[in-house]
Amino acid sequence: MARGTIIELSSGVSPSCPYYLGDSVADQLPAYLRRHTFDEIYLVTSDRLHARFGGALARVLGDANIAVNVLTVREGEAAKGWQQLTELCERLVAAGVTKDSLVMAVGGGMISNLVGLAAGLTYRGVRYVEVPTTMLNLTDGSLSNKQAVNGSLGKNQFGMYYAPLFIWADVAYIRHEPVRQHRSAITEAIKNGLVNDATWFERLEKLLTPDLAAVQDDLLGFCHDVVSSKQSILALDPGERHAGIMLEYGHTVGHAVEFLSAGRLLHGEAVGIGMCAAAGVAVRLGLCDPEVLHRQEHILADRLGSVTGLPRELTAEQIVEVIRNDNKRRAGATIRFVLVPRIGTVRCVDGDYETPVPEPLLKSVLTEA
Ligand SMILES: NC(=O)c1ccc[n+]([C@@H]2O[C@H](COP(=O)([O-])OP(=O)(O)OC[C@H]3O[C@@H](n4cnc5c(N)ncnc54)[C@H](O)[C@@H]3O)[C@@H](O)[C@H]2O)c1
C-alpha cells in the first residue's frame, strides 16, 4: 500500500465510526475534518508529543484555515486519574470549547482514554477525533469506545463508552516509536490470534523476531492486519456484551500487574504476563493442554522478546487484592477468567465466556510464576 493512500475502515464496535488508515497522510486531515461542521478544534496532547507531532499537525490545520487551540496534559498512568480529568474538563470550558467544537486527542492510549472521557463529559458530549500515535492505540485501544481513568484501587475504574467522530490512524507517527512499545502492542495482536484465529497466531509465530524487522518493513500492512484481527472479534459482538469479552484474555492479572507496577510495565507487557498466568490457571484446572502455555510463552519470550514472568517484587496476595476490585467484577465474590483451551478458541459454557477460578488455585499459579 502506497504512502499517501487512505484506507477507509470502520471501528467495528457499536456505535461504529470511520477508521482512516494511511501512511504520512497528515496533509489530508483537513479535508476529512471538513466533512463535518464545527467551530474550532481543541487539540489535546502532551508537551513531548506536541513537540514531536502535535505542533506540526496544528500547523497543517492552521494552514487550512481551521482554528486550533492546543492544550497539553501530563502523561503516565499516575496522571490518568480524576484530578487531571476534572482539570482538563475545566480547562476545555475555560478555553472556550462549545457544543459545536471538536476535541482531538493526539497520543497513546493514556491520552486517548483521558481526552475521550473529558469530551464525553463536557456539556454531556462534545464530538472528538482520535489521532493515535502509538501502535497500541492505533491497532487496539482506539478500536473500542471505552474511555476511562484509573481509581486509587485499580485501573480504568471510572469511565464510559463514548465513540469518536472518527479515528485518524497515520502509521507515520508510530514509525520511530521505541521497539519496546511495539512489542507491547503486538502482545494484543497475539492475543487476538490466541482467542479467535489460530491461522493469525501461526503467522505471527513465523513473522516475529525480537528486532521486529518484518513488522518495520511493512508497518502499514502489518497494522492493517492487526486491526483486521481485532475487527473479526468485534464483528462477533459489536456491543461487547458476550463474545467480545474474549478481548479481555490476560487482562484480569494483566491490569492488576500494570496497576501495581505503577508505570514500570507497559500495558502489553502486563497483558502478556496475564495471558501466561491465565494459561497456567487453565492447565491447573485441566482445561487446556500444557502445549498451549508453552507456545504462548515461546511466542512472547522468544519470538517477540517480551516479558512473561511476574515482577519479583509483586506477591500473589497483592495481585489478587487488586483483582477483587477489577472493573469487570460482577455480583458474587468469584474471580472469573477468560480461558483458552486450544489456540484460536476461548472456553464458553452455556453462553458464558468466563470461567470461575478458585482463589487458592490462582494464588498458587501466581506464586509459581
Ligand atoms: N480503550 C481501550 O480499550 C484500551 C486498550 C488498550 C490500552 N488502553 C490504555 O492505553 C494506555 C496505554 O497506551 P499506550 O501503550 O498507547 O501508551 P501511553 O499512552 O501510556 O504512552 C506511552 C509513552 O509513549 C509515548 N509516545 C506516544 N507516541 C509516541 C511515538 N509515536 N513515539 C515515541 N513515543 C511515543 C508517550 O509520550 C508516552 O510516554 C493504558 O492506560 C491502557 O489502559 C486502553
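Couple of notes before you dig in:
- In the range 135-172, the residues that are surrounded by 24 or more Cβ atoms within 10 Å (Cβ to Cβ) and of a type in the set (Ser, Thr, Tyr): 139, 142
- Residue identified as crowded, with 24+ Cβ neighbours inside 10 Å, at negative phi and not basic (Lys, Arg) among 112, 101, 46: 112
- Residue selection: residue 154 fails the criterion of being closer than 23 Å to residue 57 by Cα and touching a residue at least 24 places away in the same chain (Cβ under 8 Å).
- Taken residue by residue, the range 74-96 has no member that is under 24 Å from residue 220 (Cβ atoms) and either among the hydroxyl-bearing types (Ser, Thr, Tyr) or not assigned by TED's automatic domain parsing to the domain that holds residue 163 (or both).
- Residues of the range 132-160 classified as more than 10 Å from the ligand (Cβ to nearest atom) and either within 16 Å of the chain's Cα centre (by Cα) or hydrophobic (A, V, I, L, M, F, W, C) (or both), total: 4
- Residue, farthest from residue 271 (Cα to Cα), within the range 173-196, restricted to residues that are more than 9 Å from the ligand (Cβ to nearest atom) and surrounded by fewer than 19 Cβ atoms within 10 Å (Cβ to Cβ): 179
- The set of residues from the range 258-277 being assigned to a helix (DSSP H, G or I) and in contact with a Ser or Thr (Cβ under 7 Å, 6 or more places away or on another chain) comprises 267, 268, 269, 270, 271, 272, 273, 274, 276.
- Pair list, Cβ under 6 Å, 6 or more apart: the range 196-217 residue under 24 Å from residue 2 (Cα atoms), other residue at pLDDT below 95: none
- Residue match in the range 12-19 (condition: modelled with pLDDT of 95 or more and assigned to a strand (DSSP E or B)): yes
- Helices (runs of 4 or more DSSP H) within the range 280-369 that include 1 or more residues closer than 20 Å to residue 198 by Cβ: 290-297
The values are calculated or read from the model by the stated rules, or taken from the named source; none is laboratory data. None of these values were measured; they are calculated from a predicted model. Cβ coordinates were reconstructed from backbone atoms using ideal geometry, including for glycine residues, and neighbour counts include every protein chain displayed.
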